[in-house]
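Quick notes on the structure that follows.
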Amino acid sequence: MKIAMVGSGYVGLVSGTCFADFGHDVVCIDKDPAKIESLKAGRMPIYEPGLEELVRRNVESGRLTFTTDLGAAIADAGAIFIAVGTPSRRGDGHADLSYVHAVAREVGENLAHDAVIVTKSTVPVGTGDEVERLIAQAAPKVRFAVASNPEFLREGAAIDDFKRPDRIVIGTDDEWARDVM
C-alpha cells in the first residue's frame, strides 16, 4: 500500500519508517524544507536508537521518500496519516489542534481519489469529526473515511514499540476504513 505520513517529527518519522520496513511504499511529508533536505541526506532530526540505519535501508530500497509537496505525496496514497504536533496551549493546557486542522484542510484541497485519513497525533475525543468535516468541506465529491490510530511510542524504544506493540488501537465507524487499517 502507498502511505503518506504528514509530519516528519518523532511520531511521523518513526511510524513512516517502520511502515516502509514492513514493505509499504511510504512518503513522509513536512513543511520544513531544511528537515526534508536533512532526511534526504541521511541526517536524522531526532535521536532514536536504530532509526538512522532503518531510514537508510528503506530509502535505499526505494520504499521510503521525503518531500514538502503534500499534493503530490498524497496523489495515490491509500492511507494518509496525520502525525503533526499538538502542543499544549498556553494558559489552559488543552491540545493546540491548529496543525491537525491545517493538514486536514490541505488534504481535502488536494484529495482526488479514495483514501482513508488517519489521525496518529495525540488528539482529544471529537477531533476525528472535525477532521472529517474539514475534508468534506474541501473535497465533497471524493470518497474518504477518517480513522484514529493513536501512537504509544516511548522515546528510546519507539521502533520496537511500533513493530511489536502490546496493543494496536484503531477507531472508526466505517467498515471500509477498518478493512484498510
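Shown is the FRET efficiency for residue 22 and residue 113, computed with R0 = 30 Å from the Cβ-Cβ distance and rounded to the nearest 0.05: 0.85. Taking only alpha carbon atoms, region 1-78 gives an Rg to Rh ratio of 0.92, where Rh is the Kirkwood radius.
Counting DSSP beta bridges in the chain, what percent are antiparallel, to the nearest 5? For the chain, the DSSP antiparallel bridge percentage is about 10.
Here the simple spin-label model places points 7 Å from the Cα toward Cβ, and for residue 178 and residue 154 these points are separated by 3.1 nm.
Computed about its Cα centre, the charge dipole of the chain is approximately 200 debye, with only Lys, Arg, Asp and Glu carrying charge at their Cβ. In the distance distribution for the chain, Cα-Cα pairs more than 28 Å apart total 19 percent. Temperature 4 °C, viscosity 1.567 mPa s: under these conditions the Stokes-Einstein estimate for region 46-104, based on its Kirkwood radius over C-alpha pairs, is 90 µm² per second.
Once the Cα-Cα distance is subtracted from the 0.36 nm per residue extended length, the residue 136 to residue 44 segment shows a gain of 29.6 nm.
Between the residues 162, 146, 128, the greatest Cα displacement towards the positive end of the dipole of region 86-181, with unit charges on the Cβ of Lys, Arg, Asp and Glu, is found for 162.
Taking label positions 7 Å along the Cα-Cβ direction at both residue 69 and residue 167, the computed distance is 4.1 nm, reported to one decimal. On a per residue basis, the chain carries 51 Å² of accessible surface, using protein heavy atoms and a 1.4 Å probe. Pairs exceeding 23 Å between alpha-carbon atoms, taken from 31/163; 2/120; 31/120; 120/163: 31/163. In summary, region 111-179 shows an alpha-carbon radius of gyration equal to 1.27 times the 2.2 N^0.38 Å reference for compact globular proteins. Here the chain is scanned for chymotrypsin sites (Phe, Trp or Tyr not before Pro) in DSSP loops (not H, G, I, E, B) that have at most 14 other Cβ atoms within 10 Å, and the longest stretch holding none of them is 48-151. When trypsin sites (Lys or Arg not before Pro) are flagged only if DSSP places them in a loop and at most 15 other Cβ atoms lie within 10 Å, the longest unflagged stretch of the chain comes out as 91-140.
State whether region 26-70 is rounded, prolate or oblate according to the following rule on the C-alpha gyration tensor (a ≥ b ≥ c being the square roots of its eigenvalues): a/c under 1.5 gives rounded; otherwise a/b larger than b/c gives prolate, and the remaining case gives oblate. Judged from the Cα gyration tensor, region 26-70 comes out oblate (a/c at least 1.5, b/c at or above a/b).
The values are calculated or read from the model by the stated rules, or taken from the named source; none is laboratory data. The structure presented is a predicted model; accordingly, all values stated were derived computationally and were not measured. Reconstructed Cβ throughout: ideal geometry from the backbone, glycine too, with neighbour counts over all protein chains shown. Accessible surface is based on the protein model in full, side chains and every heavy atom, while ligands, DNA and RNA are left aside. Shrake-Rupley method; radii C 1.70, N 1.55, O 1.52, S 1.80 Å.
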